[in-house]
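*Asks:* Pasting a structure here, questions to come.
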Amino acid sequence: MTYRSRREVNRVFVCSCFGVTEQQVKKHAEDGACTPRQIASACKAGTDCGSCVRRIQALLGRGAYPRPALGPALAEPVYAELDEAA
């Protein structure tokens, strides 16, 4: 296993087309971007050649960054209103 200093980790590029680093992707994920498409909206990574999309998926990982909580209106089942109307 190779040791990388914190300074080196900040410079590991995920998207060379737009110069986006691992640290930037992780920061966007902490801020709520939980899919590669949301990362792309935040910093353009993955929108040019697309070769970094799998790396972004790996950085996001399943459960690595929790999804933001749903608001009360979105948390209720859609069919609840239909049951009440019937």
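The values are calculated or read from the model by the stated rules, or taken from the named source; none is laboratory data. Please read all numbers here as calculations on a predicted model, not as lab measurements. For accessibility, only protein heavy atoms count, side chains too; no ligands or nucleic acids. Shrake-Rupley method; radii C 1.70, N 1.55, O 1.52, S 1.80 Å.
*Asks:* Multiply the residue gap between CYS17 and ASP31 by 0.36 nm, knock off their C-alpha separation, and tell me the result in nm, one decimal place.
*Replies:* 2.8 nm
*Asks:* Can I ask one more? Taking H as built 1.01 Å from N, whose amide H comes closer than 5 Å to the amide H of PHE18, not counting residues under 5 places away?
*Replies:* Answer set, sorted by chain and number: none.
*Asks:* In what sequence, largest accessible area first, do THR47, THR21, THR35 appear using a 1.4 Å probe?
*Replies:* Sorted by accessible area, descending: THR47, THR35, THR21.
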